[in-house]
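Read through the structure below, which is laid out as structure tokens, and then see the notes.
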Amino acid sequence: MKDVNALLLTLAADKEVREDPYPIYREFRSLGPVLVANDNFALATTYESAAQVLRRSEFGKSPDREDRRRSNISSLRRQDLPPSMLFQDPPNHTRLRRAVSQFFLPTNLETLREKLKDIASRLFGELRDSKEPELISSFALPLPVWVIGDVLGVPAEDRFTLQPDVSKIAKTLDFNFNQDDSVAKEAEASSARLISYFEELIEEKIKNPREDLLSAIVSNSASLDVPLSKKESCSMAMLLFAAGFETTGNLIGNATAALCHSPSEYKRFLDGDVSTREAVDELVRFDSPVQLDGRVVEKEVDLFGVALPEGLFVATLLGAANRDDLVYEDPDALSLSRTGPAPMSFGSGAHFCLGSYLAKMELGVYLELIRGLKTPITIQDYRRKESLTLRGFEEMYLLV
Ligand code: HEM
């Protein structure tokens, strides 16, 4: 049996693992719920250990330990922007999250549903009419870019020009020992462009507020005692714009692949034997667009008998947690009417994904469109993204 370091090398370097990381996750789980690796970090490999790391107060984001973080975040720091709420601990995290949380409540997001359906049917129609229907660039990415752009108040003509810069930053999030410096350099240039774009947009929203989230942030509509500064508003705008579309685009692609590889479950869905909501929940579990999350140990702690010293980074294997047979029966099977705990795909605890309802709504609208076809779509060809952290497809050609 391989040890944890050998498994990590395979995970980081082996191309086949990109195709299917789940067998290697099983090997990690069989070594134990908490594993300490050579390279001065640990891994939480099961549902319960990952949940504890994400929820317990001994673990945090440690924004002051910036040097430990990946290049994109330090590049943002160099450009004098405060870390967004994603990289903050309470009490500042609580304050920043409060500035926007009411906009992401289901009751508020449901008001977007009809508009979301309209744009989704238009994009889906265009996808079907094209000579070589390619799901990712024609539907899976444009849909969430359109939606979050609309929520935030990013002018329609700018949304798609900003998207490539966000994708470049997303690349630096990968867990890959072989990543070359050019990826970090490109990300730095991209973050500089995004920062100046959003700084300008914020000035515009201060001058001419509209009915959108960015205007609400700059006018302190959440009535915070300490409103967000311009720089904090800029970090927030970039986070919200970026967090939503690469992930949701990957979710739509991964869900399509999962259905196509499980024809009997796909048929049950088409026949109406399972609800859209059940299907969405299981597809989110089955192949999560975010495979890795993590925290820094802020106070020495014993987790499942393993002593974790202060300052150690603990990576939580969300994809492995979602396939843990201690909590899910037959976890490697897609089972659309599955019951069980909520998957770890959106994280857990104080940083639980703010956009989870929105992402699930977008997937649900897509599933209803493909259910309307009555016959299953098929995948003709595809190319996967290199990234393991953000798991998804670069291209997926369909017969639709
Ligand atoms: C399938 C799609 C998505 C997945 C899998 C996903 C996953 C995640 C995960 C795992 C986290 C937790 C990170 C942590 O532990 O610190 C997170 C946080 C976050 N997500 Fe998502 N996300 C998705 C879509 C979205 C969308 C559509 C939005 C917004 C438009 C969004 C906004 C955020 C924000 C703002 C946070 C940080 C919350 C905080 O720090 O308190 N996400 N997401």
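The values are calculated or read from the model by the stated rules, or taken from the named source; none is laboratory data. Since the structure is predicted, the reported quantities are computational estimates derived from the model, not experimental observations. We place every Cβ from the backbone using ideal geometry, glycine too, and count neighbours over all the protein chains shown.
From V296, V327, V301, grab the single residue that is over 18 Å from the mean Cα position of the chain (by Cα), modelled with pLDDT of 95 or more and farther than 30 Å from A359 by Cα. Write out each step before concluding.
Numbers: V296 fails: farther than 30 Å from A359 by Cα; V327 fails: farther than 30 Å from A359 by Cα.
Step by step, each of V296, V327, V301 is checked, and only V301 is over 18 Å from the mean Cα position of the chain (by Cα), modelled with pLDDT of 95 or more and farther than 30 Å from A359 by Cα.
State whether the residues of the range 332-339 include one that is of a type in the set (A, V, I, L, M), more than 22 Å from E58 (Cα to Cα) and either surrounded by 14 or more Cβ atoms within 10 Å (Cβ to Cβ) or within 16 Å of the ligand (Cβ to nearest atom) (or both). Even if it seems obvious, please write down each step before you answer.
Initial filter on the range 332-339 (of a type in the set (A, V, I, L, M)): 333-334, 336.
Subset that is more than 22 Å from E58 (Cα to Cα): 333-334, 336.
This time we only want the ones that are either surrounded by 14 or more Cβ atoms within 10 Å (Cβ to Cβ) or within 16 Å of the ligand (Cβ to nearest atom) (or both), so: 334, 336.
Yes: one or more hits.
Among the residues of the range 354-374, is any surrounded by fewer than 20 Cβ atoms within 10 Å (Cβ to Cβ), assigned to a loop (DSSP other than H, G, I, E, B) and either touching a His at 6+ places or on another chain (Cβ under 8 Å) or free of Cβ contacts under 8 Å to residues at least 24 places away in the same chain (or both)?
yes
Can you name every residue in the range 223-241 that is surrounded by 23 or more Cβ atoms within 10 Å (Cβ to Cβ) and near the ligand (Cβ under 9 Å from one of its atoms)?
Passing the criteria: M236, L240, F241.
A255 passes all but one of (1) within 24 Å of S101 (Cα to Cα); (2) within 16 Å of the ligand (Cβ to nearest atom); which number fails?
Among (1) within 24 Å of S101 (Cα to Cα); (2) within 16 Å of the ligand (Cβ to nearest atom), the lone unmet condition for A255 is (1).
Can you tell which of R323, R295, R285 is closer than 17 Å to P23 by Cα, of a type in the set (K, R) and either surrounded by fewer than 16 Cβ atoms within 10 Å (Cβ to Cβ) or in contact with a helix residue (DSSP H, G or I) (Cβ under 7 Å, 6 or more places away or on another chain) (or both)? Break it down into steps so the answer makes sense when it comes.
Working: R295 fails: closer than 17 Å to P23 by Cα; R285 fails: either surrounded by fewer than 16 Cβ atoms within 10 Å (Cβ to Cβ) or in contact with a helix residue (DSSP H, G or I) (Cβ under 7 Å, 6 or more places away or on another chain) (or both).
It is R323.
Kindly provide the set of residues from the range 78-106 that are in contact (Cβ under 8 Å) with a residue 40 or more places away in the chain, in a loop (DSSP other than H, G, I, E, B) and near the ligand (Cβ under 8 Å from one of its atoms), ordered by number.
The answer is S84, V100.
Taking G319 as meeting all but one of (1) in contact with a strand residue (DSSP E or B) (Cβ under 9 Å, 6 or more places away or on another chain); (2) within 12 Å of the ligand (Cβ to nearest atom); (3) not in a helix (DSSP H, G or I), write down the number of the exception.
(3)
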